[in-house]
Amino acid sequence: MNHGVLYRYSPDSESEEAQLVVPAQEREQILRDHHDAPTAGHYGAEDAFNRISNRYYWTGMRKFITDYVKNCPECNRFKARNQKPAGLLQTPVSS
């Protein structure tokens with residue numbers, strides 16, 4: 001704890017940088033900042049988890065992020081897996 005803020009050092013990380021332990025009421029804002037913001041890029045769940053877990057930590061983080069990304073309206077609307085395949089091109093035939 002540093003100045004009333006709780007940090008965690010991950011035994012799994014190669015970095016010695018501390019992760020901020022995030023209270024429940026701040027978690028969704030972190031997801032919005034790292035997934036929804038215009039500069040965030042709407043990364044998939046695994047990429048979002050990797051980016052967020054570099055700096056932050058909370059119990060159940062992977063499931064929280066996966067559920068958030070799975071229910072993201074923008075991702076569901078625009079990701080390739082949700083797009084209809086393009087139709088066949090019409091090739092003009094000269095006679």
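Listed values, structure above:
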{"quantity": "Where a residue in region 39-54 is over 16 Å from Q29 (Cα atoms) and its partner, wherever it lies, is modelled with pLDDT under 90, with Cβ under 9 Å and at least six apart", "calculated": "G44/C75; G44/K79; D47/G41; N50/Y43; N54/S13; N54/S15; N54/E17; N54/Q19"}
{"quantity": "Which listed residue, of Q29, Q19, is modelled with pLDDT under 90, within 21 Å of D67 (Cβ to Cβ) and more than 11 Å from the chain's Cα centre (by Cα)", "calculated": "Q19"}
{"quantity": "Helices (runs of 4 or more DSSP H) within region 39-95 that include 1 or more residues modelled with pLDDT of 90 or more and either over 10 Å from the mean Cα position of the chain (by Cα) or aromatic (F, W, Y) (or both)", "calculated": "45-53, 61-70"}
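The values are calculated or read from the model by the stated rules, or taken from the named source; none is laboratory data. The model shown is predicted, which means the values in this text are computed figures rather than measured ones. Glycine also receives a Cβ, built like all others from the backbone with ideal geometry; neighbour counts cover every protein chain displayed.
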